[in-house]
Amino acid sequence: MELALLGSTAAFLGVLLIVIGFYQARGGKSSAQRRLETLERYSAPQTEGAVPLALREQGSGWSERTRSQLERAGLALKLHEYVALRVLLALVAFVVVLALGNGHILAFLLGIVAGVVGYMLPAFYVRTRITRQVRKFNDQLADMLTMVANSLRAGFGLLQGLDLAAEQSQPPMSTELNHLLRDTRMGASIETALESMGERVGSYDMDVIITAILIQRSVGSNLSEVLEKVAHTIRERARIQGEINTLTAQKKLSGVVIGLMPPAVVLLMLAVNFSYMSALFTDPLGRFLLVVAIVLDIVGILAIKRIVSVDI
């Protein structure tokens, strides 16, 4: 009876969170309404300025950040689908742990922890995808700059050079360049389109390139030479970062081994003598020490990762 009550409560909370997520994802107005209002505001005779980039949707700060993260990760998920997926995973994790624990109060607490972990897993996956996409984007930057610089030297304009680079590049570079060109065709200036691209990509190297282009367009200089120098700088940074990764690879592996040793020892002792280790899970002091050990192990892993991570 208690298990059924807890399951019903979890289902009610899950449905409530899904409804709230849908409402927050929609931002109170439909996408079409927001686009029409934005178009009317920027197309009025008394208003100066260009049409905003791709008529981006306006909403809450959280919804805009989440949409930006999903776009940056290259995931074809709508915001309400992403919110529903996170809530569903949290609900499933909570119910599964609760069912395995037969409604015990400890199982209820562990179910809450499992629900939080399940809710955060999609966000962790999105951040991992963003990191992978940014790394892949940075690997293509130097070649893209070389193509644009050669196009400028041959007499093409900046937009023509970017268009040529988009045709000869692979995603995610081609996707972002096409997005930039689409913004300029809709009326945005090249400066605004570049700044929007920098915000969308989230790459430090791209920010350096955009800054160099904006300064060149303000004070004037040979843009092809500027882009070649930036490309050379990016290649040198990549080379130095590769050397650093090689030198710290052994320490990173040592950190992984040290972090996995405590749980490996616990599992080994459980397999050898379960009754000897059972006090660690049944006695209150044993559970407290187990939690302390887990926290200290995580802190140690994070400390080692922070020490061996060198940014240039």
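The values are calculated or read from the model by the stated rules, or taken from the named source; none is laboratory data. Remember, it's a predicted structure, so these values are computed and weren't measured experimentally. Every residue, glycine as well, gets a Cβ built from its backbone with ideal geometry; the counts of neighbours run over all protein chains shown.
Within segment 271-290, one or more residues are at pLDDT below 85, among the charged types (D, E, K, R), in a helix (DSSP H, G or I) and surrounded by 11 or more Cβ atoms within 10 Å (Cβ to Cβ). Are any of the residues in segment 104-114 touching a helix residue (DSSP H, G or I) at 6+ places or on another chain (Cβ under 9 Å), of a type outside the set (Phe, Trp, Tyr), more than 21 Å from Arg287 (Cα to Cα) and in a helix (DSSP H, G or I)? No, that holds for no residue. For the criterion of being polar (S, T, N, Q) and either under 18 Å from Phe137 (Cβ atoms) or surrounded by 18 or more Cβ atoms within 10 Å (Cβ to Cβ) (or both), Gln216 fails.
Within segment 199-224, the set of residues being in contact (Cβ under 8 Å) with a residue 24 or more places away in the chain and not hydroxyl-bearing (Ser, Thr, Tyr) comprises Glu199, Arg200, Val201, Gly202, Asp205, Met206, Val208, Ile209, Ile213, Arg217, Leu223.
Each residue in segment 185-233 was checked for being among the hydroxyl-bearing types (Ser, Thr, Tyr) and closer than 17 Å to Pro172 by Cα, and 3 pass. Every listed requirement among (1) under 21 Å from Lys136 (Cβ atoms); (2) surrounded by 18 or more Cβ atoms within 10 Å (Cβ to Cβ); (3) in contact with a Leu (Cβ under 7 Å, 6 or more places away or on another chain) is met by Leu181 save one, (2).
Does segment 225-237 contain at least one residue that is part of a helix (DSSP H, G or I) and loosely packed, with under 11 Cβ neighbours inside 10 Å?
no
In segment 219-241, the count of residues that are out of contact with any helix residue (DSSP H, G or I) (no Cβ under 9 Å at 6 or more places or on another chain) and under 30 Å from Leu70 (Cβ atoms) is one or more.
Whether a residue is at pLDDT below 85 and more than 23 Å from Gln133 (Cβ to Cβ) was assessed, and Gln250 passes this test.
Are any residues in segment 161-178 part of a helix (DSSP H, G or I) and exposed (fewer than 15 other Cβ atoms within 10 Å of the Cβ), and if so, which ones? Hits for segment 161-178 are Glu167, Gln168. Quick one: in segment 112-139, which of the residues that are of a type in the set (A, V, I, L, M) and under 30 Å from Ala238 (Cβ atoms) is surrounded by the fewest Cβ atoms within 10 Å (Cβ to Cβ)? Ranking the candidates gives Ala123 first. Do we find a residue being over 18 Å from Leu223 (Cα atoms) and either part of a helix (DSSP H, G or I) or assigned by TED's automatic domain parsing to the domain that holds Arg72 (or both) anywhere in segment 145-156? Looking through segment 145-156, none of the residues is over 18 Å from Leu223 (Cα atoms) and either part of a helix (DSSP H, G or I) or assigned by TED's automatic domain parsing to the domain that holds Arg72 (or both).
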